[in-house]
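The values are calculated or read from the model by the stated rules, or taken from the named source; none is laboratory data. Worth saying up front: this structure is predicted, and the values here are computed from it rather than measured. Here Cβ is always computed from backbone atoms with ideal geometry, including for glycine, and neighbour counts include all displayed protein chains.
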Amino acid sequence: MAPSPSPKIHSTLTISSGNLCFGSLHNIYPGASVPQVRGLPNVRYHAGGTVKVQSIEYNLPARNGTWNAFQLIETEWNKVVGWFLAHSDVDPEKEIDKILRVAGSPYEIDSGSSMNDDKTAAEGVFVVNRYDWGYHNRRSAEEVGESDEFADTGSLGFVDLAEAKTKVLQWKEHHPRERESSKGGAWLYLDAEYMFGRFGFDDEHTAARSFLFFSTDTDFTRTAFAGLEKTFRKAETPEETFERRLTEGFDFSGLQTIRGMCEGETRTKPPPPLAAECFGPYDPGEHILRLQDIDALRVHRHESQPHKNFLGINFTLIHLTEPIQEFADPWKETVLELINEIILSYLERSVLSRMGNQTQTVSVAAEVLFPKHTKAGELDAFLHRCFMQPHTEPINNFDATYVGGRIRAFLTSRAGNSTTIFDDECIAGLCRAIAFILTEALELANKNSRDWQHYKIVPWNVRLAVLCDDELRELLEFSKVYWEGRDRSLPLDETSSESREDHEALSSASGGLFARLLRWMGRGAAR
């Protein structure tokens, strides 16, 4: 039986000093001047303007001996799209599989951590991202004298500490694509920008034994070692990925996504309310909506017509032609709980506190509950109309009588010694208003489920729908379960392979002027 083919070795180098230096020439040069680093670096990212960066020395402990360099080839075009270096004692196929599992490309799903964290530290992987080196870090650039044209190329050096400064002086005289590797160091050239590096350390985390170098152009589902045909990752359709994640128990709660968008120096949304300002969790026996009620709201779409004469453009509401996603089976009960919790917190915070200690007429109650109703296009204007007028657009299979009874029971139980009487008209109005709020939220959840290629609605989509709509957030964010869940474990990090840019793009798309315009037109035509 013929032996299995092995990755083709492109070149070799020798580490003899116990340390290596890496990066652009102006990274390597200061890296050769600092005290020798020992062990796996313990660094974390911090804000560097509008991006996250980390302070590194471009100097790492490395296993002495022979290292092999392998080209990573894009299989369709036979183009070099990455490099992998490993000590000769290391199995390159197993090692690169581990690195891609722990901290692969931030542009590919299920690729582990995109930054140094507790998970990468535990696995002995050190992450270097695009803003950590190259022309993004210009320290010592003037001293080295490397031109900006050369520094801006997507290439780097990997060199024994003992020869680092000598190699810098040799390499700087040549264009990056013409720099030659030698026994003491390798120059790794890619015709790309945005460089990423991943160092693999030995089991004791004392010395590096491998290095993966790739760019934004490296697609590991279409990339293999030179000499092999098998790609590093299996290609999947987005729908296959989603179904696999459901089967594997991936965390679709969205909790870490909304926290990441609202907390820290690089947050893109206002911070959460204080814990003392939030309500719940409530006893499930107090929940007012059943799954069949929420399902009826999910499939409901307001009657709409094309809206004309806005900036001379005729608009047809996009959401009328979009397919309606179902709730994902493993997460239906969690969606049900989340929606009940945010609505109960709304009732307790916004309805009870505003109604006061006396019975209000329907018209007075509407003024109190929806104070911004005089502003055209505001959510309050539509809720005020729903509250005041019998529903002219019935929602199929939505049991308003049942839901109204549950609303009355909840408000009465929470009113305490209040003398407020919740008459039938007020309860019916509240039921209509809540139905409108939830159809809005579920329309947005339906949309972002497609944006994230989820194919079915999960709690992640509901949380993001609330977070990215300022008016819905103002009403519904004062729920402990919305921000914290109900003490469920998070087996996987749903943001591990989603970049900050993705979150910012989604935020802009959901909260931007055009999206607001479409939503405003939809509300205007709905009643």
Original post:
Restricting the first residue to region 424-435 and requiring it to be within 14 Å of Thr412 (Cα to Cα), which pairs with a second residue that is of a type outside the set (A, V, I, L, M) and crowded, with 21+ Cβ neighbours inside 10 Å meet a Cβ separation below 6 Å and a spacing of at least six or different chains?
Top reply: Ile427/Gly404
**OP:** Check off (1) at pLDDT 95 or above; (2) surrounded by 18 or more Cβ atoms within 10 Å (Cβ to Cβ); (3) not polar (S, T, N, Q) for Tyr402 and give me the number that stays unchecked.
**Re:** (2)
**OP:** Tell me, please, whether a residue that is assigned to a loop (DSSP other than H, G, I, E, B), over 26 Å from the mean Cα position of the chain (by Cα) and small (Gly, Ala, Ser) can be found in region 110-128.
**Re:** no
Original post:
When Leu289 is evaluated against the numbered criteria (1) in a loop (DSSP other than H, G, I, E, B); (2) at pLDDT below 95, which criterion, by number, is the only one it fails?
Top reply: (2)
**OP:** Return yes when Ala276 is part of a helix (DSSP H, G or I) and modelled with pLDDT of 95 or more and no when it is not.
**Re:** yes
**OP:** Provide a single number: the residues in region 204-261 that are touching a strand residue (DSSP E or B) at 6+ places or on another chain (Cβ under 8 Å) and free of Cβ contacts under 8 Å to residues at least 24 places away in the same chain.
**Re:** 1
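Just one of Thr241, Thr231, Thr268 is in contact with a His (Cβ under 7 Å, 6 or more places away or on another chain) and either surrounded by 12 or more Cβ atoms within 10 Å (Cβ to Cβ) or under 21 Å from Ser345 (Cα atoms) (or both); which is it? If you could, list the steps in order and put the result at the bottom.
Values: Thr241 fails: in contact with a His (Cβ under 7 Å, 6 or more places away or on another chain); Thr231 fails: in contact with a His (Cβ under 7 Å, 6 or more places away or on another chain).
Matching residue, one of Thr241, Thr231, Thr268: Thr268.
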Original post:
Of the residues that make up region 27-43, is at least one modelled with pLDDT of 95 or more, within 22 Å of Ser181 (Cβ to Cβ) and assigned by TED's automatic domain parsing to the domain that holds Gly185?
Top reply: no
**OP:** Could you please let me know if Ala409 is at pLDDT below 85 and within 19 Å of Ser353 (Cα to Cα)?
**Re:** no
